[in-house]
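**Q** Here it is, the structure, as structure tokens.
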Amino acid sequence: MFGKTRPRDKDAETIMKEVARRLDMPNRRLFIRNAVGLGSLTLLSGCDVVDGFSAERMLRTMSDFNDKVQALLFDPNKLAREYPESAITRPFPFNAYYSEDKAPIIDPADFHLDITGLAENNKPWTLDELYALPRFTQITRHICIEGWSAIGKWTGVRFSEFLARISADTSAKYVTFRCDDNFVTSIDMPTALHPQTQLTFWFDGEVLPRKYGFPMKLRIPTKLGFKNPKHIGEIEIGNDFNGGYWETYGYNWFSGL
Amino acid sequence: MASPAATAGALARRPLIHPLIVRVTHWINAAAIIIMVMSGLEIHNAYPTLPFKVSRAITLGGWLGGATQWHFAAMWVLMTSGLIYVAYGFGSGRFKRKFWPIRPSDVVADIRAAVSRRLSHDDLSIYNSVQRLLYSGVILAGFVAILTGLAIWKPVQFQLLANMFGDFDQARIIHFLAMCAIALFLVIHVVMAVAVPKSLRAMIGGR
């Protein structure tokens, strides 16, 4: 059911995440094969190269270190460059872990956005209520971890304004987004409060199309593309680290630009 | 038969060609560069910078997620060790003594000598002009690779740096080309080291 509260057993969820992380990593055997093949390299001299998990642990440790470095480097007042209308990439690329025809079909009449966690005002929001919020437009560059980039035009409410409306506890560490395409990601609070982080309802002057995340996505020009969740159904404010879909497979969590 | 004392004396008189700091950072840099290049090629394959992909045999990481982990782990090793190597090179005057001057006429002459197998390798402490050009060039390419790498890693936070290279897409291409230059150097360098085994021993034992 779209938009309904999703009850979760925290312990079971934690176990499932760990199992998923261990068993479902794409091409995991290939990953280990490559690691073992380089066992003679200095960087691996302290690892047991027969056990691929050792290289994996080292890489995750370095990825966590990179999270901390990036958090330090993040300047909450620095804006991503904005572009003129003439620079907009048309057509804008589709990108997800599923094909375009698999994007969820959401009935706007039935939709509501759930707010959970550390927010005083946790009533669900209808689309009309969301559309009534003050809006701003940005034309910024979307950068995919694969390396391609495209310039788009997004319109919606400043996310910091939205957090204020729901009386969110902005001293919390994380904001987690659970989406109706079964995607999850989470971001750090400083990025959530960044002036260009936007809850987006319109794209290139029109209601956000299904392929780009109808009815809403989070546009974050200071993070890689996979950290910009689409088809958002629930927003959770809290101090529990929830990682995310791609993060589970090995992408760096902070992935800031 | 020379006496043991005379032999020891002879060994002691051979000058140290590569100080320990140069040897250590050289091998750390070598390992880091190989990891950066191989994982970088896997990242390249996800969305090719130029219109070709490279064989899986020379990539590292297995897929984009693994490759980015390797790349962003090794980058700290390369930046740290590379910085130490370069700081020592300039600070001690080693670069000035060994890499300078580089005259075009000398480079041409030494290439001719190498091709006709007349290039001397008697004194490993003196670099011929081709070596000087190659070693200076790879340091410059490394510098460009690191700067463009930081620019595409942090195009918002390091905006001034990123703007130096045009835009994100251009910085990415330059990053790739700098990597190609380094990879080319690597091939030539290894071939040269194998051809003159005592130069390899000197980079291990110092003499």
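**Q** If you take the residues in the stretch A:61-73 that are in contact with a helix residue (DSSP H, G or I) (Cβ under 8 Å, 6 or more places away or on another chain) and facing chain B (nearest Cβ under 7 Å), which one is farthest from residue A:196 (Cα to Cα)?
**A** A:62
**Q** State yes or no: is residue B:114 under 30 Å from residue A:224 (Cβ atoms) and either in contact with a helix residue (DSSP H, G or I) (Cβ under 9 Å, 6 or more places away or on another chain) or among the small types (Gly, Ala, Ser) (or both)? Spell out the reasoning first.
**A** Values: under 30 Å from residue A:224 (Cβ atoms): no; either in contact with a helix residue (DSSP H, G or I) (Cβ under 9 Å, 6 or more places away or on another chain) or among the small types (Gly, Ala, Ser) (or both): yes.
Here the answer is no, as residue B:114 does not meet what is asked.
**Q** Here's a follow-up. Please go through the stretch A:83-103 and pick out each residue that is within 21 Å of the chain's Cα centre (by Cα) and under 23 Å from residue A:205 (Cβ atoms).
**A** Within the stretch A:83-103, A:92, A:93, A:94, A:95, A:96, A:100, A:103 meet the criteria.
**Q** Within the group A:57, A:8, A:90, which residue is assigned to a loop (DSSP other than H, G, I, E, B), of a type in the set (Lys, Arg) and modelled with pLDDT of 60 or more?
**A** Values: A:57 fails: assigned to a loop (DSSP other than H, G, I, E, B); A:8 fails: modelled with pLDDT of 60 or more.
Of the residues listed, the single one that is assigned to a loop (DSSP other than H, G, I, E, B), of a type in the set (Lys, Arg) and modelled with pLDDT of 60 or more is A:90.
**Q** Let me ask something else. Has the stretch A:117-138 got any residue that is within 19 Å of the chain's Cα centre (by Cα) and closer than 30 Å to residue B:162 by Cβ?
**A** Within the stretch A:117-138, one or more residues are within 19 Å of the chain's Cα centre (by Cα) and closer than 30 Å to residue B:162 by Cβ.
**Q** Considering only residues that are facing chain A (nearest Cβ under 10 Å), surrounded by 17 or more Cβ atoms within 10 Å (Cβ to Cβ) and over 23 Å from residue A:57 (Cβ atoms), look in the stretch B:31-72 and name the one that is nearest to the chain's Cα centre (by Cα).
**A** For the stretch B:31-72, the residue satisfying everything is B:44.
**Q** Taking residue A:126, is it hydroxyl-bearing (Ser, Thr, Tyr) and buried (at least 21 other Cβ atoms within 10 Å of the Cβ)? Don't jump to the end; show me each part of the working.
**A** Values: hydroxyl-bearing (Ser, Thr, Tyr): yes; buried (at least 21 other Cβ atoms within 10 Å of the Cβ): no.
Here the answer is no, as residue A:126 does not meet what is asked.
**Q** Here's something else I'd like to know. Can you name the residue in the stretch A:70-87 that is part of a helix (DSSP H, G or I) and small (Gly, Ala, Ser) and is also nearest to residue A:227 (Cα to Cα) among such residues?
**A** Of all residues in the stretch A:70-87, those part of a helix (DSSP H, G or I) come to A:70-73, A:85-87.
Next, only the ones that are small (Gly, Ala, Ser) stay: A:71, A:86-87.
Values: A:71: 15, A:86: 26, A:87: 23 Å.
Per the criteria, the residue is A:71.
**Q** Now a separate question. Residue by residue through the stretch A:149-166, note down the ones that are free of Cβ contacts under 8 Å to residues at least 40 places away in the same chain and closer than 30 Å to residue B:68 by Cα.
**A** Step one: filter the stretch A:149-166 for residues free of Cβ contacts under 8 Å to residues at least 40 places away in the same chain, giving A:149, A:160-162, A:164.
A:149 - this is the single residue of the stretch A:149-166 that is free of Cβ contacts under 8 Å to residues at least 40 places away in the same chain and closer than 30 Å to residue B:68 by Cα.
**Q** Filtering the stretch B:15-47 down to residues that are modelled with pLDDT of 90 or more and assigned to a loop (DSSP other than H, G, I, E, B), which residue is nearest to residue B:149 (Cα to Cα)? Even if it seems obvious, please write down each step before you answer.
**A** Of the stretch B:15-47, the ones modelled with pLDDT of 90 or more are B:18-47.
In the following step, the residues that additionally are assigned to a loop (DSSP other than H, G, I, E, B) were identified as B:18-19, B:47.
Values: B:18: 30, B:19: 30, B:47: 16 Å.
The extreme case among them is B:47.
**Q** Please work out if residue A:226 is buried (at least 20 other Cβ atoms within 10 Å of the Cβ) and over 13 Å from the mean Cα position of the chain (by Cα).
**A** Details: buried (at least 20 other Cβ atoms within 10 Å of the Cβ): yes; over 13 Å from the mean Cα position of the chain (by Cα): no.
Judged against the criteria, residue A:226 is not a match.
**Q** Considering every residue within the stretch A:193-202, establish whether at least one is touching a helix residue (DSSP H, G or I) at 6+ places or on another chain (Cβ under 8 Å), among the hydroxyl-bearing types (Ser, Thr, Tyr) and closer than 15 Å to residue A:138 by Cβ.
**A** Looking for residues that are touching a helix residue (DSSP H, G or I) at 6+ places or on another chain (Cβ under 8 Å), among the hydroxyl-bearing types (Ser, Thr, Tyr) and closer than 15 Å to residue A:138 by Cβ, one finds at least one in the stretch A:193-202, hence yes.
**Q** So which helices (runs of 4 or more DSSP H) are wholly in the stretch B:120-207 and hold at least 3 residues that are among the aliphatic types (A, V, I, L, M), in contact (Cβ under 8 Å) with a residue 40 or more places away in the chain and closer than 30 Å to residue A:146 by Cβ? Outline the logic, then answer.
**A** Values: elements: B:129-153, B:159-164, B:168-195, B:197-205.
Once the helices (runs of 4 or more DSSP H) in the stretch B:120-207 are filtered for at least 3 residues that are among the aliphatic types (A, V, I, L, M), in contact (Cβ under 8 Å) with a residue 40 or more places away in the chain and closer than 30 Å to residue A:146 by Cβ, what remains is B:129-153, B:168-195.
**Q** Still on this structure, please answer the following. Report every pair of residues separated by at least 6 positions or lying on different chains whose Cβ atoms are under 6 Å apart, first residue within the stretch A:132-148 and within 9 Å of residue A:221 (Cα to Cα), second assigned to a strand (DSSP E or B) and among the charged types (D, E, K, R).
**A** none
**Q** Read through the list (1) in contact with a helix residue (DSSP H, G or I) (Cβ under 7 Å, 6 or more places away or on another chain); (2) closer than 21 Å to residue A:77 by Cα, then give the number of the only condition that residue B:159 fails.
**A** Every condition holds for residue B:159 apart from (1).
The values are calculated or read from the model by the stated rules, or taken from the named source; none is laboratory data. As the structure is a prediction and not an experimental result, all values here were calculated from the model. Here Cβ is always computed from backbone atoms with ideal geometry, including for glycine, and neighbour counts include all displayed protein chains.
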